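The values are calculated or read from the model by the stated rules, or taken from the named source; none is laboratory data. Fair warning: this is a prediction, and the values are worked out from it, not measured in the lab. Here the Cβ is made from the backbone with ideal geometry for all residues, glycine too, and neighbour counts use every protein chain on show. Ligands, DNA and RNA are excluded from the accessible area calculation, which covers all protein heavy atoms including side chains. Shrake-Rupley method; radii C 1.70, N 1.55, O 1.52, S 1.80 Å.
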Amino acid sequence: MRELFPGHFKENEESLKKVWDTCIFVFDANILLNFYRYSDSARREFLQLLEKIKDRVWLPHRAAEEYLSNRLSVIDQQERSYDDTVKAIGSLQSDLENARQHPFVSQKTMKKVEQIFSLLCDELAENKGVHTKRITEDEIKESISSIFSDNVGMPYSKEELERIISDGEERYRQKIPPGFKDGSKSSDSEIFSEQCRKYGDLIVWNQVIDKSIDSKKPIILVTDDKKEDWWEKFKGKTVGPRPELVEEFREKAENSFYMYQADRFLELARENLNEKVSDEIVQEIREVRRRDRLAVKRMREIEYAKQRKLKVQHLMKELDHLRMHIIAQEHEMSELQEKRYMLENEREGLKEYRNHLFHEGGRDFENDRVFKDYEMVSEEYSQVRKHLEMSKAKYSELQHRMRLVEQELEHGIKVIEQENSADS
């Protein structure tokens, strides 16, 4: 059973130790980008470990490409986090300085607080300056370049990438990992590099398999990607790599495959490589991931809030249109009813005149003319009546839709008010 379903079984300690002794350590782009989010001490310790095992580390070409493409964006995010922190400090200081509102703080304490806030803001500004300098003089990039100098994979040819994209379309439809969570990304661009973005994870995955085939060695992939197209999850907990990944790797590379997030990799490196890894760096990396998870959650909430506000705006516009259509429909029904009433009276008058001519023995041509007029008016009366029924049905539909929109709008406004109250 273990041989048939290797992705569902863990290796014993002896086999795992052998893998750690012989494997190639492969790193995803997000691991390198997270170096910009760590403290100086945590980053230094992580890079020192990579330096010690540099003869066994490897970077897929696609991962290196993504790191270099996204480096400036991550630096910018970190710059903005400094600005946001300074703003938060300013807001807190302003609240504390207002003696007319809670919480009350004495002048003596406020002087000490102001000194601490001033020192804090000065240090944040200094650290931001160091971080901003990395746009042009990036010591982190230089360290990464040194460690992976001879350990970056070669790029795929355009023909190979086209094959992966073609294969990826079917894999994503079948929800075959990895990468199908990126299936919603647009690939309509005529620029080929943009088309590849949607299949970045799958390109990395193929390069990892090829590396194992070429080297005939097991692979340990270190990634901070949290999506379900890489990890098997149960009740919010990460169980391990997707069994499909382990099985595909075993089938194609005929070797073992393991995957860890950064903190777990460091813990196991301490156990299996006898390297010094402090508990502080492990805790910091977990805290960074926790903050990232909260940030992603918050961004989703903000996006959902924007969508709800847009929906409310669309509903309000639709309600205005419905009201105008209802007014127009009421005007149309009023005109049709008036016209029907006039035609009904005209038809009754012609009917009486025709009966009068019949009893008086009027001339045939006069009878024919009245009969034709009666038929014409009756036909028009029938058409107006039919049009009126259709107009009433449309009016009823508009009223029904308006009631639904009003209910949906009322609910949407209530949700937004509750969210605003919670944010306050």
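Details
- Computed over the range 107-213, the Cα gyration tensor eigenvalues convert (square root of 5λ each) into semi-axes of 46, 21, 13 Å, ordered from largest to smallest.
- Trp58, Trp20, ranked by accessible area, largest first (probe 1.4 Å): Trp58, Trp20
- What the Cα atoms of the range 151-270 give is an Rg and a Dmax of 14.9, 47 Å.
- Annotation: amide H of Leu59 within the under-5 Å range of Val152, Gly153, sequence separation 5 or more or interchain, hydrogens built in the peptide plane.
- 5 angstrom amide H check on Glu232, placed H, neighbours 5+ away: Val239, Gly240, Arg242
- Candidates Ser73, Ser41, Ser382, ranked by Gaussian network fluctuation over the chain, Cα under 10 Å, top entry: Ser382
- Taking the chain as a Gaussian network of alpha-carbon nodes connected by springs under 10 Å, the highest mean-square fluctuation of the residues Ser184, Ser39, Ser146 belongs to Ser184.
- Extending 7 Å from Cα along the Cβ direction at Glu318 and again at Glu254 yields two label points whose distance is 6.0 nm.
- Counting only lysines at least 8 places from Lys108 when in the same chain, those with an alpha carbon closer than 26 Å to its own are Lys87.
- Residues considered: Val239, Val405, Val296. Largest GNM mean-square fluctuation over the chain, using C-alpha springs under 10 Å, is found at Val405.
- Extension gain from Ile213 to Glu335, taking 0.36 nm per residue of separation minus the Cα-Cα distance: 35.8 nm
- In the complete set of protein chains, residue-level accessible area for Val384 is approximately 10 Å², probe 1.4 angstrom.
- Spread of Cα-to-Cα distances over 20 Å intervals beginning at zero, given as percent, for the chain: 18, 35, 22, 13, 9, 4, 0
- Using alpha-carbon coordinates, inclination of helix 279-360 to the longest axis of the chain, degrees: 10
- FRET efficiency, 1/(1 + (r/R0)^6) with R0 30 Å, evaluated for Asp76 and Lys181 via beta carbons: 0.75
- Per-residue SASA entry for Lys227, accessible area with 1.4 Å probe, Å² rounded to 10: 60
- Nearest-10 value in Å² for the accessible area of Arg290, using the 1.4 Å probe: 100
- Angle of helix 243-253 to the longest C-alpha principal axis of the chain, folded into 0 to 90 degrees and rounded to 10: 60°.
- Shown is the FRET efficiency for His61 and Asn420, computed with R0 = 51 Å from the Cβ-Cβ distance and rounded to the nearest 0.05: 0.60.
- Extension gain, Glu352-Ile327: 0.36 nm per intervening residue step, less the Cα-Cα distance, totals 5.2 nm.
- Close amide H contacts of Leu221 (hydrogens built in the peptide plane, cut-off under 5 Å, sequence separation of 5 or more or a different chain): Val26, Tyr258, Met259, Tyr260.
- Extension gain (nm, one decimal) between Asp138 and Glu366, 0.36 nm per residue minus Cα-Cα: 71.6 nm
- Given R0 = 30 Å, the distance between the Cβ atoms of Lys297 and Glu410 translates into a calculated FRET efficiency of 0.60.
- Rounded to the nearest Hz, the phi-derived 3J(HN,Hα) couplings of the range 114-119 under the Karplus curve 6.51 cos²θ - 1.76 cosθ + 1.60 (θ = phi - 60°) are 4, 5, 5, 4, 5, 4, where x marks glycine and proline.
- Residue-wise HN-Hα coupling along the range 262-268, computed from phi with Karplus coefficients 6.51, -1.76, 1.60 (Hz; x: Gly, Pro): 4, 5, 5, 4, 5, 4, 6
- Evaluated over the range 158-225, the count of Lys pairs having alpha-carbon atoms less than 15 Å apart is 4 (only pairs 8 or more residues apart or interchain).
- The fraction of all Cα pairs in the range 301-424 landing in successive 5 Å bins from 0 to the largest distance is 2, 10, 13, 12, 9, 8, 8, 6, 6, 5, 5, 4, 4, 3, 2, 2, 1, 0, 0, given as whole percents.
- Rg/Rg_globular for the range 296-349, with Rg_globular taken as 2.2 N^0.38 Å and Rg from C-alpha atoms: 2.30
- Modelled spin labels at Ser378 and Glu271, positioned 7 Å past Cα toward Cβ, are 9.7 nm from each other.
- Restricting the range 173-236 to GluC sites (Glu not before Pro) that sit in a DSSP loop and have at most 13 other Cβ atoms within 10 Å of their own Cβ leaves Glu190.
- Accessible surface ranking that places the most exposed of His387, His331, His131, His359 first, with a 1.4 angstrom probe: His359, His331, His387, His131
- If both residues of a DSSP beta bridge must be in the chain, then about 25% of such bridges are antiparallel.
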